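One structure is given below, encoded as structure tokens.
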Amino acid sequence: MLRTLFIRRMCSAQTSATKKPPIPVFGIEGRYVTALYSGASQLNQLEDVEKSLRALQKELTKPKIIDFVETSMISAANKAKLLAEIAKSAGMPAAAVNFLTVVAENNRLKKLRRMITMFMAVMVAHRNEALCEVITAKPLDDSARKSLMDALKKFVKQGKNITLTEKVDPSIIGGMIVGIEDKHIDMSIARKIQMYTDILKQSV
């Protein structure tokens, strides 16, 4: 029911069958995300919606926005109207505007950050990406980056595209810390020093 109502609001004409997200999403948030993904797909606005919601996610951490979301002094209808006006003036795509309107009208704004996070995960799967973050003591050179990418391919399903984010943290001293999908590998010198220090303490 929610999905049908949501998509009708987003589409001015009759469209084809709804499109399901590439990964399962659950709960109340999952129903909204499924509706958003389906509606945005039909309007060819997936990437634009993702970009606009990523920017909104940052705003949702600000105290004034948190107060707006949590206050009961403003009705759900007025919140929806205000959000729609702000979203339109910010140039958000129609799918995002209507998504925010429906969420506000149904008094689900407290779950909005979780919905956006879930939608981002859906989009990662949509692009068949494997997200990877590597932390090193100094920036990787081209040779080291290529070697790392070759090694990472062994950790993901064949055909997946690895999206690498690089961070520099001198405190790890050397080596690297790698996070890819649900895996976390700490090969830093700082970690080894801590491990050996703990062993020495136990032997005293």
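The values are calculated or read from the model by the stated rules, or taken from the named source; none is laboratory data. Please read these numbers as outputs of a predicted model, since none were measured by experiment. Heads up, the Cβs are rebuilt from the backbone with ideal geometry, glycines too, and the neighbour counts pull from every protein chain shown.
In this structure, does residue 146 turn out to be modelled with pLDDT of 90 or more, over 12 Å from residue 134 (Cα atoms) and not in a loop (DSSP other than H, G, I, E, B)? Give the derivation first.
Numbers: modelled with pLDDT of 90 or more: yes; over 12 Å from residue 134 (Cα atoms): yes; not in a loop (DSSP other than H, G, I, E, B): yes.
Here the answer is yes, as residue 146 does meet what is asked.
When you look at residue 179, is it part of a loop (DSSP other than H, G, I, E, B) and under 26 Å from residue 120 (Cβ atoms), yes or no?
no
Identify all residues within segment 150-174 that are within 29 Å of residue 194 (Cβ to Cβ) and touching a strand residue (DSSP E or B) at 6+ places or on another chain (Cβ under 8 Å); write none if there are none.
Within segment 150-174, 152, 155, 156, 162, 164, 165, 166, 167, 168, 169, 172 qualify.
Among all residue pairs at least 6 apart or on different chains, which show Cβ distances below 6 Å where the first residue, located in segment 87-105, is in the same structural domain as residue 31 (by TED's automatic domain parsing) and the second is assigned to a helix (DSSP H, G or I) and of a type in the set (D, E, K, R)?
As it stands, the answer is 93/48; 97/88; 98/9; 104/79, since those pairs meet every condition given.
Out of 158, 194, report the one residue that is at pLDDT 90 or above, more than 30 Å from residue 56 (Cβ to Cβ) and out of contact with any helix residue (DSSP H, G or I) (no Cβ under 9 Å at 6 or more places or on another chain).
194
Applying the selection to segment 40-57, what residues are of a type in the set (D, E, K, R) and either modelled with pLDDT under 95 or farther than 10 Å from residue 96 by Cβ (or both)?
47, 54
Take segment 108-137 and flag every residue that is charged (D, E, K, R) and out of contact with any strand residue (DSSP E or B) (no Cβ under 8 Å at 6 or more places or on another chain).
Of segment 108-137, the ones charged (D, E, K, R) are 108, 110-111, 113-114, 127, 129, 133.
108, 110, 111, 113, 114 - these are the residues of segment 108-137 that are charged (D, E, K, R) and out of contact with any strand residue (DSSP E or B) (no Cβ under 8 Å at 6 or more places or on another chain).
Are any residues in segment 55-70 assigned to a helix (DSSP H, G or I) and either of a type outside the set (Gly, Ala, Ser) or outside the structural domain of residue 93 (by TED's automatic domain parsing) (or both), and if so, which ones?
56, 57, 58, 59, 63, 64, 65, 66, 67, 68, 69, 70
Tell me, yes or no, whether segment 44-57 has at least one residue that is crowded, with 16+ Cβ neighbours inside 10 Å, farther than 22 Å from residue 88 by Cβ and not polar (S, T, N, Q).
no
Give the residues of segment 173-197 that are in contact with a Leu (Cβ under 9 Å, 6 or more places away or on another chain) and of a type in the set (A, V, I, L, M, F, W, C), sorted by residue number. Can you show your working first?
Of all residues in segment 173-197, those in contact with a Leu (Cβ under 9 Å, 6 or more places away or on another chain) come to 176, 178-181.
Selection gives 176, 178, 180.
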